[in-house]
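For reference, the structure discussed in these notes is given below.
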Amino acid sequence: DGIDIAPEDFLELAKTSHSVHLIDRAIAQECYEFLSLAHDKGIAIPRVSLNTTAASFDDAALYDWFKKLNEIGQTTISLELSEPAVADATAEQLSWKLQELRDQNIEAEIDDFGTGQFSIHGLMSLKPDRLKISKHIVQPITESASARSVFTAIMDISRAIEIDPIAEGVETRQQADALIEMGGHVHQGYLYAEPMTADELLEYLSDRAAA
């Protein structure tokens, strides 16, 4: 049987063993197989965000998987990089790597924003398509005025440099309503769907398409 392990529990070990690129490569392959199956079944998936790391961009085999994913068609592929991982590299180092992928219509997102040290200048230089605001900022907004102010400030900054903001970790209707009231209309989190196996996700998407 499979064992559920949170990413933070194994990624540090993967970093020290220099095997993160192998994990990223396996995820890309699984994503390719899933999208191929979904499209064969006539299930439309407009966008897939694929977690990856800045260090893995030097892996030629991973680049090949990104290209194969993009060749499936009908689905926009977006690479989701965590803010701490991006902060470890310079925006200049990443920009040219991302540009090659953008030339193939592959997008980029910064994940978990607000937990690292990525600068505003870095955002302006890298110019990702979307900025995912950390659940650590999002979840307290129903109780904390300072959290609401910080969330609003991040949204204002992202929109000023033409980056779409997304609220992460939305778990309650109260959080969603508060976000909408503040102008944050795009969310993700357990309120909308919890983690699923590939088979469960295909069934979920089929049910939504039929509704």
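Table for the structure above
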| item | result |
| --- | --- |
| Sparsely packed chymotrypsin sites (Phe, Trp or Tyr not before Pro) within region 113-211, loop by DSSP, other Cβ within 10 Å at most 16 | 190, 192 |
| Full-extension gain in nm, residue 201 to residue 40, via 0.36 nm per residue minus C-alpha separation | 56.5 nm |
| Cβ-Cβ FRET estimate between residue 60 and residue 117, R0 fixed at 30 Å, reported to 0.05 | 0.55 |
| Relative contact order computed over region 67-211 (Cα-Cα under 8 Å; 6+ residues apart), in percent | 17 percent |
| Net charge of Cβ neighbours under 12 Å - reference residue 47; Lys, Arg +1; Asp, Glu -1 | -4 |
| Convex hull volume per residue in cubic angstrom - Cα atoms of region 90-211 | 138 Å³ |
| Pairwise Lys count, the chain - Cα closer than 30 Å, eight or more residues apart or different chains | 18 |
| All-pairs Cα distance distribution in the chain, expressed in whole percent, bin size 10 Å | 8, 31, 37, 22, 2 |
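We did not get these values from a lab; they are worked out from the coordinates using the rules stated. These figures come from a predicted structure and were not determined experimentally. Cβ atoms come from the backbone with ideal geometry, glycine included; neighbour counts cover every protein chain shown.
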